[in-house]
1. Would you check if MET108 is surrounded by 16 or more Cβ atoms within 10 Å (Cβ to Cβ) and modelled with pLDDT under 90?
2. List the residue pairs whose Cβ atoms are under 6 Å apart, where the first residue sits in the stretch 29-43 and is more than 14 Å from ILE65 (Cα to Cα), the second is open to solvent by 20 Å² or more (accessible area, probe 1.4 Å) and part of a loop (DSSP other than H, G, I, E, B), and the two are 6 or more positions apart or on different chains.
3. May I ask you to list the residues in the stretch 50-93 that are of a type outside the set (Lys, Arg) and either without any contact (Cβ under 8 Å) to a residue 24 or more places away in the chain or on the phi > 0 side of the Ramachandran plot (or both)?
4. Here is a check on your reading of the model: is LYS163 of a type in the set (Lys, Arg) and out of contact with any helix residue (DSSP H, G or I) (no Cβ under 9 Å at 6 or more places or on another chain)?
5. How many of the residues in the stretch 154-183 are under 16 Å from the mean Cα position of the chain (by Cα) and of a type in the set (S, T, N, Q)?
6. Looking at the stretch 35-49, can you tell me whether even one residue there is under 25 Å from THR160 (Cα atoms), at pLDDT below 95 and in contact with a Gly (Cβ under 7 Å, 6 or more places away or on another chain)?
7. If GLY124 satisfies every condition in (1) of a type outside the set (Asp, Glu); (2) closer than 25 Å to LEU50 by Cα; (3) open to solvent by less than 10 Å² (accessible area, probe 1.4 Å) but one, which is the exception?
8. If ILE181 satisfies all but one of (1) over 30 Å from PRO114 (Cα atoms); (2) open to solvent by 20 Å² or more (accessible area, probe 1.4 Å), what's the number of the condition it fails?
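The values are calculated or read from the model by the stated rules, or taken from the named source; none is laboratory data. Just so it is clear, the model here is predicted, and its values are computed rather than measured. Positions of Cβ are generated from backbone atoms using ideal geometry, with glycine treated the same way; all protein chains shown enter the neighbour counts. Side chains included, ligands, DNA and RNA excluded: accessible areas come from the protein's heavy atoms. Shrake-Rupley method; radii C 1.70, N 1.55, O 1.52, S 1.80 Å.
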Amino acid sequence: MKTILLHGLGQTSSSWKNTINTMGKSADILCPNLFDWFEDKEVCYQVLYLAFSEYCKQFSEPVNICGLSLGGILALQYGIENPDKINSLALVATQYTMPKKLLQFQNMLFRFMPKRTFERMGLGKTDFINLSKSMINLDFQKELKCINSPVMVICGEKDTANKQASLQLQSQLPQAELLVIKNSGHEVNIDAPEDLGKSLSAFFNL
């Protein structure tokens, strides 16, 4: 069974390297670089989600998906729209209703950051801002009931911006458990890759 790891907005596929090392070589793990799917296309969330949906068509059996932040939102929407194609979901620092004020403040900060900061993540500054803006009206609260697979909701102990949303998400999913990773902020796959890898291996039964 395939296990797909989806990185966050400010990350690349390499952000999962240490987590994957902990999960073991025997696991069948795929870690796409999300921003490669924007080649010659408009940079927005809707295009990215459609590209991910197309990517998943190659798998004939249900998959495990773990997504962090942006990756978690992609995983959540895919689980809602394709419940029969999901074995298990792990959602790390994932908002199911976008915090508009937080995103607007984040985008304001992005405008003052140098271009080189964004380029090493595979997107230009304008594209990065446009992608973030395109997510501002996403709201999956009413569709959460469509998910019927086991879910592990994960949040870093120090991730104050997403802790409340994680608690609420876990409470609204019938088969969800909550895992708080100690000594970790938002980027759990970077801050605590070993703890995350061990938890994912156990949850996905790898």
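1. So MET108 does not fit the description; no.
2. Cβ pairs passing all conditions: ASN33/THR12; PHE35/GLY122.
3. Looking only at the stretch 50-93, we keep the residues that are of a type outside the set (Lys, Arg), and these are 50-56, 58-84, 86-93.
Matches in the stretch 50-93: LEU50, ALA51, GLU54, TYR55, GLN58, SER60, SER69, ASP84, ALA93.
4. yes
5. Looking only at that region, the number is 3.
6. no
7. For GLY124, the exception is condition (3).
8. (2)
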